[in-house]
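S.K.: Can you read through this structure? Questions will come right after.
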Amino acid sequence: MIGHEKNIANLKGLQERGALSHGYIFYGPAMVGKKMAALSFANFLEKGEFVEGGILSDLMLIQPGGEGAGNGSIGIDAVREIRNFLWQKPNASPRRTLVIDDAEFLTTEAQNALLKVTEEPPVSSLLILVTSDTESILPTITSRLPKIYFGPVPEKEIAKWLEDGGEKKKAAELAKKAMGKPGLAWRLLHDENFKEQLELAAKLLKTPAATRRDVIKKIIEPEEFSFRKFLDAVIINLAWREADGSGAARQSAAMWHKALQLYGRETNFSLNPRLQLENLLS
């Protein structure tokens, strides 16, 4: 866990003063450490240390793609599990902590069911929604949960973290490319599949219009292709291009916003990847 010292201190202080709310929304850019902060806080409540630890008896983590959900969403079945979990008494912690990662992928049905949990929460429960898009969550839910913002981590702090991990030669370069996101730095260093997706996205963005359709067809052909993961890679590449300040970067800005909107639509609708990518790059 690096960065976010003020948020960590505030969360610890709320617990020590007995002033914790029944739930919170941890929001901010993707991969800055929101989920890790939520899991670390659950560890703090149960074991007294603000670190992402091992198995906790009073923690449940819900993420997109679980049983009963659509492709990459969080469905109604997950919320039923949540209710069963939160209404039990804690074993070792003062709170049973439920963390919903990527909460923007909750279906409307699931959000309506979750609303009942926020309206009548058990005394010994703590609900943390982790999201990069608060606008995708129903106002009736966001109005009941205090929000805590997690912003980008300073580049120097990410570089030092990488250096401490034995990556001194790559540290400065990766810290710059991470754009304030420790999670992105880690994936650039360790996640080969992620790096492959970034390379494919970069290739597509450079492909002339005349051959673009053939390239898209090859990219989406593999059975394991994930439209959402590939959109992630496209968005990151566009953000890098926008950050370099060139003419191409300025042209990429509009496409970056279109890609973000497409990412949001992909949450709720079954989209044709080929058509959507062709439209994005047109």
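What follows draws every value from the coordinates through simple rules; no lab data is involved. In this text the structure is predicted, and so the values were computed from the model without any measurement. Cβ: placed from backbone, ideal geometry, glycine included. Neighbour counts: every protein chain shown.
S.K.: In vacuo Debye scattering of the chain, one point per C-alpha: log10 I(q)/I(0) at q = 0.11, 0.12 Å⁻¹?
M.R.: These q points yield log10 I(q)/I(0) values of -0.71, -0.84.
S.K.: Helix-only mean residue ellipticity at 222 nm, the chain, DSSP H runs n ≥ 4 weighted -39,500 (n - 2.57), per residue, nearest 500. What is it?
M.R.: For the chain, the value works out to -17500 deg cm²/dmol.
S.K.: How big, in percent, is the set of alpha carbon pairs in the range 71-194 lying more than 20 Å apart?
M.R.: Within the range 71-194, distances greater than 20 Å cover 56 percent of Cα pairs.
S.K.: How big is the range 1-75 by Rg and Dmax over its Cα atoms, in Å?
M.R.: Radius of gyration, then largest Cα-Cα span, for the range 1-75: 13.8, 42 Å.
S.K.: Mind telling me which of GLY180, GLY33, GLY48 comes out most flexible in a GNM of the chain, alpha-carbon contacts under 10 Å?
M.R.: Looking only at GLY180, GLY33, GLY48, the biggest GNM fluctuation is shown by GLY48.
S.K.: Apply the Kirkwood formula to the range 14-143: the hydrodynamic radius equals the inverse of the mean of 1/r over all pairs of different alpha-carbon atoms; give it in Å with one decimal.
M.R.: Kirkwood radius, the range 14-143: 14.7 Å.
S.K.: 5 Å is the cut-off here: which amide hydrogens, built 1.01 Å from N in the peptide plane, fall below it relative to ARG96, excluding neighbours closer than 5 in sequence?
M.R.: SER125, LEU126
S.K.: Which residue, GLY75, GLY23, GLY166, tops the fluctuation ranking in a GNM of the chain built on C-alpha contacts under 10 Å?
M.R.: Answer for the Gaussian network model of the chain: GLY166.
S.K.: Name the GluC sites (Glu not before Pro) in the range 150-239 that are in a loop by DSSP and that have at most 13 other C-beta atoms within 10 Å, would you?
M.R.: Here the sparse-neighbourhood loop sites are GLU223, GLU224.
S.K.: Taking LYS170 as the anchor, which lysines have their alpha carbon closer than 26 Å to its alpha carbon, excluding any fewer than eight residues away along the same chain?
M.R.: Qualifying lysines at Cα under 26 Å: LYS34, LYS35, LYS156, LYS160, LYS181, LYS195, LYS203, LYS206, LYS229.
S.K.: What dipole magnitude, in Debye to the nearest 20, does the chain give about its Cα centre under +1 on Lys/Arg Cβ and -1 on Asp/Glu Cβ?
M.R.: 580
S.K.: Using only Cα atoms, tell me the angle between helix 155-164 and the longest principal axis of the chain; keep it within 0 to 90° and round to the nearest 10.
M.R.: Approximately 80 degrees, to the nearest ten.
S.K.: Now for a separate question. Under the Karplus relation 6.51 cos²θ - 1.76 cosθ + 1.60, θ = phi - 60°, what is the ordered set of whole-Hz ³J(HN,Hα) values for the range 191-202, x standing for Gly and Pro?
M.R.: So the Karplus estimates, Gly and Pro as x, are 9, 5, 5, 5, 5, 5, 5, 4, 5, 5, 5, 4 Hz.
S.K.: Turning to a different aspect of this structure: Most fluctuating residue of ASN43, ASN112, ASN84 in a GNM of the chain with Cα springs under 10 Å: which is it?
M.R.: Its mean-square fluctuation being the largest, the pick is ASN84.
S.K.: Which angle between 0 and 90 degrees, to the nearest 10, do you get for helix 5-16 versus the longest principal axis of the chain when only C-alpha atoms count?
M.R.: Rounded to the nearest ten degrees, it is 20.
S.K.: Mind listing which chymotrypsin sites (Phe, Trp or Tyr not before Pro) in the range 82-128 are in a DSSP loop and have 15 or fewer other Cβ atoms within 10 Å?
M.R.: TRP87
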